[in-house]
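*Asks:* Could you have a look at this structure, given as structure tokens, before my questions?
The values are calculated or read from the model by the stated rules, or taken from the named source; none is laboratory data. Predicted model only: the values in this text are computed from it and were never measured. Here the Cβ positions follow ideal geometry from the backbone for every residue, glycine too, while neighbour counts run over all protein chains shown.
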Amino acid sequence: MIGPHHLDKSFQYSSKDLKKFLERPEDIDIKKSICIDVPCGNGRNIFFLASHFDKVIGIDINREYLNEIETFKAVYRTNNISCKIYDLKIIIPDEISKANLVSIIHFYDKQVIEGIKRNLQPGAILFVETPNCRGGNYLDLPNENDLVTFLEGFDILSMKKNYCNSNYREQKNISFTAVLIKC
Ligand SMILES: C[S@@+](CC[C@H](N)C(=O)[O-])C[C@H]1O[C@@H](n2cnc3c(N)ncnc32)[C@H](O)[C@@H]1O
């Protein structure tokens with residue numbers, strides 16, 4: 001499947017919050033640095049990220065998605081993207097520990113997100129946008145305790161959260177978008 005986003009040079013299908021953050025980075029020097037998009041899917045955000053960073057690495061378990069990105073690198077004349085296949089439930093790639101920014105968009109998995117957090121270098125930025133409340137692929141979400149534990153060890157630059165359907169603290173029902181800095 002080739003997403004229309006590949007052909008859209010205004011990046012209108014990329015995460016709106018990611019664009020909002022990267023298009024006003026006056027307080028953070030993120031250019032000339034390394035970004036990892038994990039998991040990157042078939043590249044909805046990766047070409048946008050490549051317009052901001054010197055080097056972008058996309059990681060996903062799905063070979064077909066990574067092949068689509070490779071195909072469209074030529075169309076976009078983008079040579080600062082590389083793709084790597086990993087099952088994040090088995091390995092958290094070493095590259096994470098060298099990244100200046102890691103984006104985790106529409107994929108919340110408690111084990112994976114905690115593994116990525118452990119491997120971030122101090123000062124690295126983590127942009128997280130969970131799946132929203134409406135359902136769809138990989139729809140797992142944290143509950144209040146998961147979220148509190150996850151946020152420990154980060155400075156919070158921005159945070160939006162939304163309780164889906166109910167406000168029971170135990171229920172895995174928090175959809176959130178956050179920009180975090182590893183302490
Ligand atoms: C809903 S998509 C989001 C992709 C992208 N971040 C975006 O916003 O378009 C979820 C992605 O997670 C990938 N994925 C699922 N399980 C994975 C795993 N264990 N390791 C690596 N990637 C995985 C899928 O292949 C899929 O591309």
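*Asks:* List pairs: first in the range 141-159 and closer than 11 Å to residue 114 by Cβ, second surrounded by 17 or more Cβ atoms within 10 Å (Cβ to Cβ) and not polar (S, T, N, Q), Cβ under 6 Å, 6+ apart or cross-chain?
*Replies:* Close Cβ pairs (under 6 Å, with a partner that is surrounded by 17 or more Cβ atoms within 10 Å (Cβ to Cβ) and not polar (S, T, N, Q)) amount to 142/174.
*Asks:* Search the range 51-79 for residues that are in contact (Cβ under 8 Å) with a residue 12 or more places away in the chain and buried (at least 17 other Cβ atoms within 10 Å of the Cβ) and pair each with any residue that is of a type in the set (Asp, Glu) and outside any helix (DSSP H, G or I) when their beta-carbon atoms are under 9 Å apart and the residues are at least 6 apart or on different chains.
*Replies:* Once the first residue is in contact (Cβ under 8 Å) with a residue 12 or more places away in the chain and buried (at least 17 other Cβ atoms within 10 Å of the Cβ) and sits in the range 51-79, its partners that are of a type in the set (Asp, Glu) and outside any helix (DSSP H, G or I) give 52/23; 56/37; 57/37; 58/37; 59/37; 60/37; 66/60; 69/60.
Results for (1) out of contact with any Phe, Trp or Tyr (no Cβ under 6 Å at 6 or more places or on another chain); (2) acidic (Asp, Glu); (3) surrounded by fewer than 18 Cβ atoms within 10 Å (Cβ to Cβ); (4) modelled with pLDDT of 95 or more, shown as yes or no for each residue.
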{"residue": "120", "(1), (2), (3), (4)": "yes, no, no, yes"}
{"residue": "126", "(1), (2), (3), (4)": "yes, no, no, yes"}
{"residue": "129", "(1), (2), (3), (4)": "yes, yes, no, yes"}
{"residue": "134", "(1), (2), (3), (4)": "yes, no, yes, no"}
{"residue": "138", "(1), (2), (3), (4)": "no, no, yes, no"}
{"residue": "160", "(1), (2), (3), (4)": "yes, no, yes, yes"}
{"residue": "163", "(1), (2), (3), (4)": "yes, no, yes, no"}
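*Asks:* Any chance the range 142-149 includes a residue that's within 15 Å of the chain's Cα centre (by Cα) and surrounded by fewer than 16 Cβ atoms within 10 Å (Cβ to Cβ)? Working first, answer last.
*Replies:* Restricting attention to the range 142-149, the residues satisfying the condition of being within 15 Å of the chain's Cα centre (by Cα) are none.
Checked the range 142-149: no residue is within 15 Å of the chain's Cα centre (by Cα) and surrounded by fewer than 16 Cβ atoms within 10 Å (Cβ to Cβ).
*Asks:* Separate question: I'd like to know if the range 44-63 contains one or more residues that are under 28 Å from residue 133 (Cα atoms), out of contact with any helix residue (DSSP H, G or I) (no Cβ under 6 Å at 6 or more places or on another chain) and away from the ligand (no atom under 15 Å from the Cβ).
*Replies:* Scanning the range 44-63, I find no residue that is under 28 Å from residue 133 (Cα atoms), out of contact with any helix residue (DSSP H, G or I) (no Cβ under 6 Å at 6 or more places or on another chain) and away from the ligand (no atom under 15 Å from the Cβ), so the answer is no.
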